[in-house]
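Peer 1: First, the structure itself, so that you have it in front of you.
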Amino acid sequence: MFPKLPEELNELIVSCLDLDDRQTLTAVCCTNRLGRRLATPLMYRHVGATEHGKGNRDMLLCRTLLENPQLCQYVEKINLLHYSEGNPSDPSIKSDVSKLLLDLHTQTRLPFYQSFLEWLSLGCDVYVSKVMLMVLAYNAQVIHIRGNHQFLTWQKLLDTTIAAAVEARDTGATPPKLYGFTKIHTVKISNHLAQLLPDVRDLCVLLALPALQNLEIESLAASPDMHLGMESRGPSTVQSLVIRDCRAKADTLTGLFRLTPDLRRLSIRWSSRHDNYWRTDWRRIGRALTTLTPALEHLEFTHPIDDNFGVDQRESQGIASGNALAATLAPLGSLKSLKSLQTLILSTIALFGQHQTQDWPELDTVLPGSVEKLELLAKDIYLVGNDRLIVTDPYISRLQNFIIYNCQKDRWITKDGEGALPPKRPLRIFT
């Protein structure tokens, strides 16, 4: 660093560095004592692997934190990227970690340190190192899981470790720096070329985190069965749940909502447009939301936009056949009990069901007066007929923001008029 400059200027220079740029932070640490003192806390603010490499770097990081416990206080974000079983930890690293864990277990008698030792002796360091890292970084607030997520449910290790940490916190007999999890408020799960997608069972483990507020999942698989063990779990503190590619069905989601009574924001993007219209049991979801998540402020159900979808495909994809419509005709039902609801984004099928125009209920009979923004997705690509009449409902005039799109979101109607995106240029085919 620059020893002739005032220390506050050196601090300002270091604060501008990218926390994920490990090479630059390492270089600053190597300049002099001042650089090392200023850059070391930043070096460990974001830890964990963000790209694939050789060996289990999580275990190496655990050894560093165990040998230098003063570094644990700096960790705010943990990146967990799975390494294949073909890249085990160096035996010397695992031996060092085991000795340090034994000392910790002798001092604290916390049960999860003993569990870590037992599993490490069996060669299960890939999964154990991830859970161990979450324990050691007791000030961590954000967890980003990429790729393989199987450590979440593996041998119930994370489940039992969280429970033991919560018990230690409640009894107050152990210093907080000896167990983790108590400050984690945000968890994000990304696919990162993962072959298996997380399902509701994985989310249930994370919902047990005692300070969790935000949970974001890139993809959620359909659960293999309904015996998920959710009934025995207590309520979660989560307030925001975002699922970007949801394949879970209504009955599974209903079980999930039982664990989220404090939910303020729910954003679900189904895996296909059909799920957002005809393949979802909207009535079951509506009953669950109004009874289990009364504090909702933002409710959103959308679907992916298909760039190859055009007006010539309207009958095959834009409007379902009579047989498909026979399965789910009922809408969400009245949402008036959601007194705090401010933003509502969903399809017209979810809101009204498959009714004729004369049977559509007035919006103020199904929606609370607290709604400020209403965004609807009509079921076809033309945005004509019944869907155009929604804008004339008296409820719309009271909204701050209203828009109804066609299913491709390239045509729309608002309180001020309507519009459309310009037609796409046809693809050139070279022969």
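Peer 1: I need to check one value: relative contact order of the chain, counting alpha carbon pairs closer than 8 Å and at least 6 residues apart, in percent. Each step should come with its number before you reach the end.
Peer 2: Numbers: 787 pairs, mean separation 34.1, N = 431.
8 percent.
Peer 1: Now for a different question. Which pairs break 29 Å Cα to Cα here: LYS188/LYS336; LYS188/LYS379; LYS249/LYS373? Provide the component values of the computation, followed by the final result.
Peer 2: Numbers: LYS188/LYS336 31 Å; LYS188/LYS379 31 Å; LYS249/LYS373 27 Å.
Exceeds cut-off: LYS188/LYS336; LYS188/LYS379.
Peer 1: Sticking with this structure for a sec: Sum -39500 (n - 2.57) across every DSSP H segment of at least 4 residues in the chain, then divide by the residue count to get the 222 nm mean residue ellipticity, nearest 500. Mind showing how you got there, number by number?
Peer 2: On the way: 14 runs with 136 residues, N = 431.
Per the formula, -9000 deg cm²/dmol.
Peer 1: Could you work out the relative contact order of region 133-214? I mean the mean sequence separation of Cα pairs under 8 Å and 6+ apart, divided by the number of residues, in percent. Walk me through the intermediate numbers first.
Peer 2: Working: 115 pairs, mean separation 36.3, N = 82.
For region 133-214, the relative contact order is 44 percent.
Peer 1: A follow-up question, please. Could you pull out every residue, at least 5 positions away or on a different chain, whose amide H is within less than 5 Å of the one on ASP90? Hs are placed 1.01 Å off N in the peptide plane, and Pro or chain starts have none.
Peer 2: Under 5 Å from the amide H of ASP90 lie the amide H atoms of ASN56, each far enough along the sequence or on another chain.
Peer 1: While we're looking at this one, here's another question. Work out the charge dipole of the chain with +1 on the Cβ of Lys and Arg and -1 on the Cβ of Asp and Glu about the Cα centre, then indicate which of LEU66, ALA49, GLY333 is farthest towards its positive end.
Peer 2: LEU66
Peer 1: Can you compute 3J(HN,Hα) from phi for each residue in region 278-293, using the Karplus curve 6.51 cos²θ - 1.76 cosθ + 1.60 with θ = phi - 60°, rounded to whole Hz and x for Gly and Pro?
Peer 2: Residue by residue, region 278-293 yields 10, 9, 10, 7, 5, 4, 5, 5, x, 4, 5, 5, 6, 9, 9, 10 Hz.
Peer 1: In nanometres, what is the gap between the two model label sites at ASN139 and VAL242, each 7 Å from Cα along Cα-to-Cβ?
Peer 2: Here the modelled spin labels are 2.6 nm apart.
Peer 1: Please sort by residue number the trypsin sites (Lys or Arg not before Pro) in region 70-179 whose DSSP state is loop and whose Cβ has at most 13 other Cβ atoms within 10 Å.
Peer 2: ARG109
Peer 1: Still on this structure: Would you mind counting up the charge near LEU376? Only other residues with Cβ under 12 Å from its Cβ, with Lys and Arg at +1 and Asp and Glu at -1.
Peer 2: In short, 0.
Peer 1: Could you work out the local net charge near GLY234, counting Lys and Arg as +1, Asp and Glu as -1, over the other residues with Cβ closer than 14 Å to its Cβ?
Peer 2: On the way: positive: ARG233, ARG258; negative: ASP159, GLU167, ASP170, GLU231, ASP262.
Cβ neighbours under 14 Å give a net charge of -3.
Peer 1: Quick one: helix 125-136 against the long Cα principal axis of the chain, what's the angle to the nearest 10°, folded into 0 to 90?
Peer 2: That works out to roughly 90 degrees.
Peer 1: May I pose another question? Using the alpha-carbon atoms, what tilt in degrees (0 to 90, nearest 10) does helix 91-108 show relative to the longest principal axis of the chain?
Peer 2: So the inclination is approximately 90 degrees.
Peer 1: Further question: Counting other Cβ atoms within 10 Å of each Cβ, which GluC sites (Glu not before Pro) in region 341-391 have at most 12 and sit in a DSSP loop? Walk me through the intermediate numbers first.
Peer 2: Working: sites: GLU362, GLU372, GLU375; in loops: GLU362, GLU372.
Sparse-neighbourhood loop GluC sites (Glu not before Pro): GLU362.
Peer 1: When the distances between all Cα atoms of region 203-283 are binned every 10 Å from zero, what whole-number percent does each bin get?
Peer 2: 17, 53, 28, 2
Peer 1: Once you put a point 7 Å from the Cα of TYR382 and another 7 Å from the Cα of ARG37, both along the Cβ direction, what distance in nm separates them?
Peer 2: Computed distance between label sites TYR382 and ARG37 equals 7.5 nm.
Peer 1: List the residues whose amide H sits under 5 Å from the amide H of ILE184, counting only those 5 or more places along or on another chain, with H placed 1.01 Å from N in the peptide plane.
Peer 2: Under 5 Å from the amide H of ILE184: ALA211.
Peer 1: Write down the Kirkwood hydrodynamic radius of the chain, to one decimal in angstroms, obtained as one divided by the mean of 1/r over all alpha carbon pairs.
Peer 2: The answer is 24.6 Å.
Peer 1: Around THR254, with a cut-off of 13 angstrom between Cβ atoms, what is the net charge of the other residues, counting Lys and Arg +1 and Asp and Glu -1?
Peer 2: +2
Every number here is computed from the coordinates shown, using simple stated rules; none is lab data. Keep in mind the model is a prediction, meaning the values are calculated, not measured. Reconstructed Cβ throughout: ideal geometry from the backbone, glycine too, with neighbour counts over all protein chains shown.
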